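Chemist: Have a look at this one.
The values are calculated or read from the model by the stated rules, or taken from the named source; none is laboratory data. Keep in mind it's a predicted model, so treat the numbers as computed, not measured. A quick note on method: Cβ atoms are made from the backbone with ideal geometry, for glycine too, and the neighbour counts reach across all protein chains shown. Just the protein is used for accessible areas: all its heavy atoms, side chains included, with ligands, DNA and RNA removed. Shrake-Rupley method; radii C 1.70, N 1.55, O 1.52, S 1.80 Å.
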Amino acid sequence: MSELTRLTLTAAREGLAQGHFTATELTQAYLDAIEPAGDLNAFVLTTPEKALDMAKASDARLASGEAGPLEGIPLGVKDNYAVDGVRTTAGSNILKHFVPQYESTVTANLWRDGAVLLGKLNQDEFAMGSSTETSAFGATVNPWRREGSSQPLVPGGSSGGSAAAVAAHLCAGAAGTDTGGSIRQPAAFTGTVGIKPTYGRCSRWGIIAYASSLDQAGPIARSVNDAALLLRSMAGHDPKDSTSARLPVPDYQQAVGASVKGMRIGIPREYRVDGMSDEIAALWDEGAQWLRDAGAEVVEISLPHSKYALPAYYIVALAEASSNLARYDGVRYGERVPGRDIIEMYEKTRASGFGAEVRRRIMIGTYVLSAGYYDAYYVRAQKVRTLIKRDFENAFAAGVDAVLAPATPSPAFGIGEKSGADPVEMYLQDVFTVTLNMAGLPGIAVPAGLSGEGLPLGLQLIGRPFGEEALFSLGQVIEEAAGRFPCPEDWWR
Amino acid sequence: MSVDQATVRRVAHLARIAVTEEEVVHLQGELNAILAFVDELAEVDVTGVEPMTSVTPMTLPLRADVVTDGFYPERVLANAPVAEDGFFAVPKVVE
């Protein structure tokens, strides 16, 4: 592993500004790291020529003093972001030859600020999964292994390629998306930092939709400060997304290292679920103590509808997915399988193009929206969603600034371990993350310790709407107390 | 609530996804597992609760109804599985 790829994004930015190395050298170092890392299956496409062209342009801007905030920083992008002229599949066979003729707003913002594209990162098909095993390109492998074991583990999902690539030093940072935990759970599984900002903070334009009222873009990075730098570039109002917030983007880096003295942190008693492992419970207590030591006040709170968030999510998300994915009909883009008439063409196209999990989710979504079931399922779930959001509003109104919770119920599990007959077993991965998506709130996952088997574990902080700055300040306290968790060995080389 | 095999076939058709007889059996089990999981919501008292329509309190912005983009049919059609004479082509729909 080259010294250059060991640097945090923050340090790489400094090195470029000081002229210690060029963007071309940094980009080449990452390309050289990606090349032998095929076993991880983190990238589904690399764009070396484009990367070196962009790096060259960055070097010119660095030399002429016109450098942007991310000038020359090599990034990976989850494969559900449309990148103009670069194959974009969302991990699905139905889009296996899709080349967008337009650029997503978030990636356009990254290039505007000087970032370099290394390639597209693996994900669960249409972001539907918690392990990156449902990808048409096959599973991504977590760079972390249990101590003394070579069993391949999942990197989490759906942004598993993004998390694995960042943890394995194959890119300086990555863009992911989070609908029910798809940034935070993989970040927790790989010892990286991931933030899902408030709904509306980043534009969804040009991101392949899963569930539009829940989807948000966000970064995965190797430090809290790196995540703050990336989010600042990714966020912002976009007239092309009518749900994007008309609010200025703060300089999040200013919040990193700011005092948390006097902040009130809520510990939701309902998150202490049955069967929570001792090590997760202990880590949670330790996290609360770190925040107390930094001057925050830690109080127990109640979020009484928490246990209903996951079932309500699986109705709302799947209903929206069935509607969003109706567009894959073999007419305007994507693969087509011919039929004797147009209906048979649709049915064969979608049966052959979508994987098993996507077909299952579309069918559930179709069922809960169908005549006779709409009120019993969909409308009821949207009412429960109102109650979930109200729980948080009550906590914030009582003076709570942020909520501390585990990021995941367990460390990374083995490939194949949870992809058996019962789909619900995988869905339970999102138990601590999904409430925020339902309430539209921001959440950051920060690595905080190692499991008994030597795997990273993450803590999650949940903020007020547009309260990302508090999350960066609190996240930094955890990072300073717990240290960082670089992947111990590069066995894939 | 649980679904029978006829419902699985009906939903698959509504979703425009072809299913084989063998898949219907599997899907019935998988769909029922998910439906059993979400049935928990039936116990929540939602009397007088408004269903959520927007997660952030915002009114949708209005914009002028004008053409702001377009005039490049070749790019629009670039990913079409079949295109003819500047149009998307599909099997005959109306006899």
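Chemist: Would you work out which of B:36, A:405, A:258 lies farthest towards the positive end of the dipole of the protein assembly as shown? Charges go on Cβ: Lys and Arg +1, Asp and Glu -1.
Modeler: Toward the positive end, the furthest listed residue is A:258.
Chemist: Further, regarding this structure: What does the charge add up to near residue A:44, with Lys and Arg as +1, Asp and Glu as -1, over the other residues with Cβ less than 9 Å from its Cβ?
Modeler: Cβ neighbours under 9 Å give a net charge of +1.
Chemist: Quote the convex hull volume per residue of the range A:256-312, based on C-alpha atoms, as a whole number of Å³.
Modeler: Per residue, the Cα convex hull of the range A:256-312 comes to 108 Å³.
Chemist: Taking a ≥ b ≥ c as the square roots of the eigenvalues of the Cα gyration tensor of the range B:22-77, is the shape rounded (a/c under 1.5), prolate (a/b larger than b/c) or oblate?
Modeler: Since a/c reaches 1.5 but b/c is at least a/b, the shape of the range B:22-77 is classed as oblate.
Chemist: Compute the convex hull volume of the Cα atoms of the protein assembly as shown, divide it by the residue count, and report the result per residue in Å³ as a whole number.
Modeler: For the protein assembly as shown, the hull spanned by Cα atoms encloses 159 Å³ per residue.
Chemist: Quick one: net charge of residue A:171's neighbours, Cβ under 15 Å, K/R +1, D/E -1?
Modeler: +1
Chemist: So for chain B, averaging the separation of alpha carbon pairs under 8 Å that are six or more residues apart and normalising by length, what relative contact order in percent results?
Modeler: It rounds to 19 percent for chain B.
Chemist: Accessible area, 1.4 Å probe, largest first: how do A:485, A:137 sort?
Modeler: A:137, A:485
Chemist: Then there is this: Using just the alpha carbons, could you tell me how many Å³ per residue the convex hull of the range A:1-40 encloses?
Modeler: Expressed per residue, the convex hull around the Cα atoms of the range A:1-40 is 58 Å³.
Chemist: Quick check on chain A: helices-only [θ] at 222 nm, where DSSP H runs of length 4 and up contribute -39,500 (n - 2.57) each and the sum goes over total residues. Nearest 500, please.
Modeler: -11000 deg cm²/dmol
Chemist: Mind pulling the angle between the C-alpha long axis of helix B:21-38 and the longest principal axis of chain B? Nearest 10 degrees, somewhere in 0 to 90.
Modeler: 70
Chemist: Nothing charged except the Cβ atoms of Lys and Arg (+1) and of Asp and Glu (-1): what's the magnitude of the dipole of chain A about its Cα centre? Round to the nearest 20 debye.
Modeler: 1200
Chemist: Largest first, how would A:54, B:1, B:58, A:345 line up by accessible area (1.4 Å probe)?
Modeler: So the residues, ranked largest to smallest area, are B:1, B:58, A:54, A:345.
Chemist: Eight or more residues apart or on different chains, and alpha-carbon atoms under 19 Å: count the Lys pairs in chain A matching that.
Modeler: So the count of such lysine pairs works out to 10.
Chemist: How many Cβ atoms of partner chains, on average, are near each residue of A:328-338 if near means within 10 Å of its Cβ?
Modeler: Average per residue, whole number: 4.
Chemist: Could you rank B:68, A:89 by how accessible they are, 1.4 Å probe, largest area first?
Modeler: B:68, A:89
Chemist: Given the DSSP H assignment, sum -39500 (n - 2.57) over each helix run of at least 4 residues in chain B and divide by its residue total; what's the result at 222 nm in deg cm²/dmol, nearest 500?
Modeler: -10000 deg cm²/dmol
Chemist: Would you tell me the mean number of C-beta atoms belonging to other protein chains that fall within 10 Å of each C-beta in A:365-373, as a whole number?
Modeler: If you average over the peptide's residues, the count of other-chain Cβ atoms is 4.
Chemist: Still on this model: Residue A:215: accessible area at probe 1.4 Å, nearest 10 Å²?
Modeler: Accessible area of residue A:215: about 20 Å².
Chemist: Right, next: Any chance you could look up the accessible area of residue B:9 with a 1.4 Å probe, heavy atoms only, rounded to 10 Å²?
Modeler: 90
Chemist: How about the range B:1-94: which chymotrypsin sites (Phe, Trp or Tyr not before Pro) there lie in a loop by DSSP and see at most 13 other Cβ atoms within 10 Å?
Modeler: B:71
Chemist: Tell me the angle of helix B:5-14 to the major Cα principal axis of chain B, expressed in degrees between 0 and 90 and rounded to the nearest ten.
Modeler: 20
Chemist: Still on this structure, I have one more. May I ask you to give the solvent-accessible area per residue for chain B, in square angstrom, as obtained with a 1.4 angstrom probe?
Modeler: Computed with neighbouring chains in place, this is 69 Å² per residue.
Chemist: Here's another thing I want to ask about it. Each residue of the range A:433-446 in turn: what ³J(HN,Hα) in whole Hz from Karplus with 6.51, -1.76, 1.60 and θ = phi - 60°, glycine and Pro shown as x?
Modeler: After applying 6.51 cos²θ - 1.76 cosθ + 1.60, I find 9, 6, 4, 5, 4, 5, 9, x, 8, x, x, 10, 9, 10 Hz.
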